[in-house]
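Accompanying notes for the structure given below.
Rule-based calculations on the coordinates, nothing more; no lab input. Remember, it's a predicted structure, so these values are computed and weren't measured experimentally. Cβ sites come from the backbone with ideal geometry, for glycine too, and all protein chains shown count toward neighbours.
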Amino acid sequence: MRPINARAARLLCLVPAAVAFSYGQPMSLAPQSRLWVDGTSTVRSWSCKATEIDATIEAGAPDAVTAVMTGVKAVKVAEFRIPAEKMDCSNGTMNEHMKKALKAKENPVIAFKVTAYDVAKGASGVAGALTGQLTLGGVTKPIVVQAVGAAGPDGTLHVTGTHELVMTEYGLKPPTLMLGTMKVGDKVKVSFDLFVKN
């Protein structure tokens, strides 16, 4: 067997690092992370919250939170999934109508995959635009979401933002309640308050 020369040995030592970089460093959402939807109707306003948020977040550096706070695009992968059945409107009747409107049985997952983003450092944090694909009710469309980031507790990255959606653009019919006397508006606002940690 031929001995491994010094150069080859050094290259072999780099393999684990290269593999780790290609797959990214895993990040996660802290438990206090929230996402909710606010809307209107002919009777009153309403709000539904996601009781479960599943995320796949990967970074190309061990301390991505600090890097992002300096304006560096350190996050490589960001995908968010919400079970449609886990949306809670704090009202049993509204819950059922909302799940029906979201086609939760046929399309159980609401998903947003970030495909590109910009980040710029500001006076009190960072701000940027998240470009990605939103899947809602089985329909996938490109969207751009504005977000801001700030230093959160315990070394987290606190990311917040709001994005307006039109339900019928995703083939969804806004719910109608109380024999048609309450009709939900077509436009809704999706807000997020996320804490991302290394």
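Dividing the Cα convex hull volume of segment 107-198 by residue count, how many Å³ per residue is that?
Numbers: hull volume 12.8 nm³, N = 92.
So the per-residue hull volume is 139 Å³.
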* Asked: Say we join alpha carbon atoms closer than 10 Å with springs in a Gaussian network model of the chain; which of S33, S41, S124 then has the biggest fluctuation?
  -> S124
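Using just the helices of the chain, give the 222 nm mean residue ellipticity in deg cm²/dmol: DSSP H runs with n ≥ 4 each add -39,500 (n - 2.57), and the total is spread over all residues, rounded to 500.
Details: 3 runs with 34 residues, N = 198.
The helix contribution divided over the chain gives -5000 deg cm²/dmol.
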* **Approximate spin-label separation T66-K121, in nm, with each point projected 7 Å along Cα-to-Cβ** => 1.3
* Calculate the spin-label point distance for T162 paired with K141, positioning each point 7 Å from the Cα along the beta-carbon direction, and give it in nanometres. => 2.0
* Asked: Per 10 Å bin, what percent of the C-alpha pairs of the chain does each bin hold, from zero upward?
  -> 8, 31, 28, 18, 8, 4, 2, 1, 0
* **Near-label residues of segment 120-155 by backbone N, under 20 Å of a point 7 Å along Cα→Cβ of K73** => 120-122, 125-134, 142-150
* To do: Mind giving me the FRET efficiency for S28 and E169? R0 is 22 Å, r the Cβ-Cβ distance, nearest 0.05 is fine.
  => 0.10
* To do: Return one number: the angle in degrees, 0 to 90 and rounded to the nearest 10, between the long axis of the Cα atoms of helix 6-23 and the longest principal axis of the Cα atoms of the chain.
  => 10
* **Signed unit charges on C-beta, dipole axis of the chain, positive-most listed residue S41, P174, I57** => I57
* Volume in Å³ per residue [convex hull over Cα atoms, computed for segment 60-161] -> 122
* Could I get the Rg over Rh figure for segment 23-69? Both from C-alpha atoms, Rh via Kirkwood, rounded to two places. => 1.22
* Subset of K103/K189; K99/K141; K76/K105; K76/K113 violating a 23 Å alpha-carbon distance limit -> K76/K105
* Structure fact -> Treating only Lys and Arg (+1) and Asp and Glu (-1) as charged, each at its beta carbon, one finds that the chain has a dipole about its Cα centre, in Debye to the nearest 20, of 400
* Asked: Going toward the positive end of the dipole of segment 24-197, with +1 on Lys and Arg Cβ and -1 on Asp and Glu Cβ, which of I110, A67, V139 do you reach last?
  -> V139
